[in-house]
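The values are calculated or read from the model by the stated rules, or taken from the named source; none is laboratory data. Since this is a predicted model, take the numbers as computed values, not measurements. Here the Cβ positions follow ideal geometry from the backbone for every residue, glycine too, while neighbour counts run over all protein chains shown. The area values use the complete protein model at the heavy-atom level, side chains included, leaving out ligands, DNA and RNA. Shrake-Rupley method; radii C 1.70, N 1.55, O 1.52, S 1.80 Å.
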Amino acid sequence: MEQISTGGNGRKHPDSQASSALNAEFAGELNDQQLAAVTAPEQQVLVLAGAGSGKTRVITYRVAYLLRSGVKPRNILLATFTNKAARMMLKRVEALTGIPAHRITGGTFHHLGHIFLRRYADAIGYRRDFTILDEADAQQLMKVVRKSAEIDFSKELFPSASQLHKLNSLAFNTQREIEELIVHNYPQFAGKVEIIHRLLGAYKQRKREHNLMDFDDLLGNFLRLFNETPEVGMQIASRFQHVLVDEYQDTNQVQAKIVQHLAGRHGNVFVVGDDAQSIYGFRGANYQNILDFPRQYPDARIYKLEVNYRSTPDILSFANEIMKGTPEEFRKQLVTQRPRKERPKLIICRGPEEQARFVAEQILELREQGIPLDEVGVLYRNHRNSLELEMELNSRGIPYDIRGGIRFMEQAHIKDVVAFLAVTANPHDQIAFSRILDLCEHVGNVTIGRIFARIMPEEDPLRAFTDDGASSLARGKGKESLAQMSSLLARLRQLHESAAAPPELLRTAYEELYRQRMEVTFDDYREREGDIEQLALFAERFKSLTSFLAEIALNSAFTPREALTPLEQLTGEGRVSLTTIHQAKGLEWRAVFLTHLTEGNLPHRMSWSDPAQLEEERRLFYVAVTRAREHLFLSYAQNTTERDYIGFNRPSRYLQEISTSFYEQYIIETEDEPEPEPETTEANRD
């Protein structure tokens, strides 16, 4: 394994053939380090891209470079961590090369798994028309399994359906045994291992019986195609000559194995990532994947991107200090050509209220200096850290958004309407069927159970429901409600069989039944009505019902813009962003406030006994700091109040490790008995 580090100004020129493949736009838009990585002649390449160094540009231009070198579009596979990122990269490739983006296979690992399972699911015992369960539906199925078990849950503590689902998913994504996870994550259930195994087995069986796959199955079954059906795996791998992976530090063990299989025949694998930004271990990301890449691919070369285009020199110097203990071969020293501005500021406050007051006042001061509100981000370790700040911002009329609220596709009325379409596409989808039957007035769980007992064994449960008189299983008004539902489902089935487009199916379900239901259920039904129409407009992008439903399941971040506040309407400057550090990854602001930097919060107290978790917490600190372009404010409260107890906080160990020469320190002083309406808060240099 050979490491190539070209330095900030030196250039490692590609060979003459590679040089001839680059046009003037390539040479003009890439710096020396980026150009060396883009034109790398090696088969296995690891690009260590420091924060703000242009990793997206590198992987985009690498795809364009391969195309210019004669590689066919269909022989390139691009794996990313959001479908939005893949679309953005491939659109840029299209602009660079003129080759239509749709000719290149790209998307998340889940999306890629979905593509190939639609073709080969029957090779591992599924039908190709399987339904994808989103997180909520997967938990609902787990709840059904739990209720069906002959266990009296009222006698002793037992995992909830949500806990069972999380445990099952964590075991898959980390590839760890259930017993091990119970010991570390759910010790209170240590005596229930056998029962938990039985319930998780029943959950797996239900999915197989009803032709359902949850998100984890999209990866697990994708890997099974390689492990259990070598001939199918060979067909998939043979299609691609080059495999490119973005954000490699965030891959889990299953995804890394999928990459191995995809590149196993030709050996051409190009991965981009930053070990210093690996912060998702809690959901299965394996930090070792990027560290082990040179050992897994002995002929691989490492290219480093160390020129940062985001932050000022003082912010980068602070960030470099955080990660100075990184392993030698992965160590990066970020540099920038941006002018010096100001050193980061550490603000020590007496309590959380003073901290919130400082942040709010400083935001307003920055605004007076010409920094709009939407160029300000307030970051913290946990959402609970935002309480005092929200109150302070509200009291001052400062508009803000909290990243991570209820997503559009997860709202009840959206999931209800989508359930009609899911049943139309896959009549065996018992989760969706249960949801729409729950909409029938005067129809309870017992009746629904009788209906499923009759129709689910049939080859076409939907036809059995609409044509075989399932509505007769109810009485009185319940029978009328089921008859109305039966009529609508028959209509949807007829439209689907005549190849009706998704928007027509959606609007039919809404107009003929759900509108009335929504009007009597929700006080804000008019606003929700607009959401339904927005969903119908979104559906117009898709030619088939299957592709529409898959897109909904795979993309859970489709969120409408909230109404503008009067201040936003007046200024057009948007809102301050309040977010956890995890949700801030990939974003940037001109000014960043990083609050609650205390021991127990960052690093979180749950990480204290685990060196690996402590290092991930350090990387979390690094990610937060590198979100700032010009201004970085670090703060913590010395005092904390829990119930009637007043405690004293220690500053984060990561702060204590950094010399005070890298930042300016201030202490916020407040009077013990402040005036009723203080005009200002004094900041004194320590």
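Observations
- Output for the stretch 331-379, where each listed residue is under 20 Å from Glu669 (Cβ atoms) and either of a type in the set (Ser, Thr, Tyr) or open to solvent by 70 Å² or more (accessible area, probe 1.4 Å) (or both): Arg350, Glu353, Glu365
- The stretch 32-54, residues that are more than 12 Å from Tyr303 (Cβ to Cβ) and polar (S, T, N, Q): Gln43
- Residue in the stretch 413-425 that is of a type outside the set (A, V, I, L, M, F, W, C) and not in a helix (DSSP H, G or I) present: no
- If you check Ile371, Ile302, Ile347, Ile315 for being farther than 30 Å from Gly574 by Cα and either of a type outside the set (Gly, Ala, Ser) or not in a loop (DSSP other than H, G, I, E, B) (or both), only one passes: Ile302.
- Taking the conditions (1) touching a residue at least 60 places away in the same chain (Cβ under 8 Å); (2) out of contact with any helix residue (DSSP H, G or I) (no Cβ under 7 Å at 6 or more places or on another chain); (3) under 30 Å from Met606 (Cα atoms) in turn, Arg381 satisfies each one other than (2).
- Check on Leu492, in contact with a His (Cβ under 7 Å, 6 or more places away or on another chain) and modelled with pLDDT of 90 or more: no
- Residues that are part of a strand (DSSP E or B) and open to solvent by less than 20 Å² (accessible area, probe 1.4 Å), drawn from the stretch 241-285: Val243, Leu244, Val245, Val269, Phe270, Val271, Val272, Gly273
- When residues in the stretch 194-234 are screened for being of a type outside the set (D, E, K, R) and touching a residue at least 60 places away in the same chain (Cβ under 8 Å), 13 of them pass.
- Note on the stretch 124-137: among residues that are surrounded by fewer than 19 Cβ atoms within 10 Å (Cβ to Cβ) and of a type in the set (A, V, I, L, M, F, W, C), the one that is farthest from the chain's Cα centre (by Cα) is Ile124.
- Taking the criterion of being more than 23 Å from the chain's Cα centre (by Cα), free of Cβ contacts under 8 Å to residues at least 40 places away in the same chain and surrounded by fewer than 21 Cβ atoms within 10 Å (Cβ to Cβ), the residues of the stretch 393-432 that qualify are Asn394, Ser395, Arg396.
- Taken together, Val45, Val38 contain a single residue that is closer than 24 Å to Phe293 by Cα, in contact (Cβ under 8 Å) with a residue 40 or more places away in the chain and open to solvent by less than 20 Å² (accessible area, probe 1.4 Å), which is Val45.
- Within the stretch 54-81, residues that are modelled with pLDDT of 90 or more have Cβ atoms under 6 Å from residues that are open to solvent by 20 Å² or more (accessible area, probe 1.4 Å) and among the charged types (D, E, K, R) in these pairs: Thr60/Arg92; Pro73/Arg103, counting only partners at least 6 apart in sequence or on another chain.
- Residues satisfying the stated conditions in the stretch 286-295, i.e. assigned to a helix (DSSP H, G or I), touching a Ser or Thr at 6+ places or on another chain (Cβ under 8 Å) and touching a residue at least 60 places away in the same chain (Cβ under 8 Å): Ile290
- For the condition out of contact with any Leu (no Cβ under 9 Å at 6 or more places or on another chain), under 28 Å from Asn31 (Cβ atoms) and surrounded by 19 or more Cβ atoms within 10 Å (Cβ to Cβ), Asn308 does not qualify.
- Answer residue from the stretch 540-588, given it is among the aliphatic types (A, V, I, L, M) and at pLDDT 90 or above and is farthest from Leu218 (Cα to Cα) among those: Val576
- Restricting attention to the stretch 162-179, the residues being on the phi > 0 side of the Ramachandran plot and assigned to a helix (DSSP H, G or I) number 0.
- When Glu657, Glu617, Glu630 are checked against the criterion of being at pLDDT 90 or above, under 30 Å from Arg338 (Cβ atoms) and either surrounded by fewer than 13 Cβ atoms within 10 Å (Cβ to Cβ) or among the small types (Gly, Ala, Ser) (or both), a single residue qualifies: Glu657.
- For the stretch 460-481, residues that are open to solvent by less than 20 Å² (accessible area, probe 1.4 Å) and either farther than 15 Å from Thr447 by Cβ or at pLDDT 95 or above (or both) total 3.
- Flag: Gln337 does not match the condition of being touching a strand residue (DSSP E or B) at 6+ places or on another chain (Cβ under 8 Å) and part of a helix (DSSP H, G or I).
- Only residues that are within 17 Å of Phe538 (Cβ to Cβ) and open to solvent by less than 50 Å² (accessible area, probe 1.4 Å) were counted in the stretch 482-513, giving 9.
- Any pair with Cβ under 9 angstrom, 6 or more apart, that starts in the stretch 259-281 at a residue that is under 13 Å from Gly50 (Cβ atoms) and of a type outside the set (D, E, K, R) and ends at one that is at pLDDT below 85 and not in a helix (DSSP H, G or I): Ala276/Thr326; Ala276/Lys332
- Residue list for the stretch 296-318, restricted to those being touching a residue at least 60 places away in the same chain (Cβ under 8 Å) and more than 30 Å from Ser661 (Cα to Cα): Tyr297, Pro298, Asp299, Ala300, Arg301, Ile302, Tyr303
- Scope the stretch 136-161; condition in a helix (DSSP H, G or I) and either farther than 18 Å from Asn426 by Cβ or polar (S, T, N, Q) (or both); matching residues: Gln139, Gln140, Met142, Lys143, Val145, Arg146, Lys147, Ser148, Ala161
- Test: Ala64 is closer than 15 Å to Phe26 by Cβ, of a type outside the set (Val, Ile, Thr), out of contact with any His (no Cβ under 8 Å at 6 or more places or on another chain) and open to solvent by 20 Å² or more (accessible area, probe 1.4 Å): no
- Residue match in the stretch 11-28 (condition: over 18 Å from Val269 (Cβ atoms), polar (S, T, N, Q) and at pLDDT 90 or above): no
- Tally of residues being open to solvent by less than 50 Å² (accessible area, probe 1.4 Å) and assigned to a helix (DSSP H, G or I) across the stretch 526-549: 12
- The single condition from (1) open to solvent by 40 Å² or more (accessible area, probe 1.4 Å); (2) at pLDDT 85 or above; (3) aliphatic (A, V, I, L, M) that Ala683 fails is (2).
- Test for Arg340: is it under 27 Å from the mean Cα position of the chain (by Cα), of a type in the set (D, E, K, R) and closer than 23 Å to Leu587 by Cα: no
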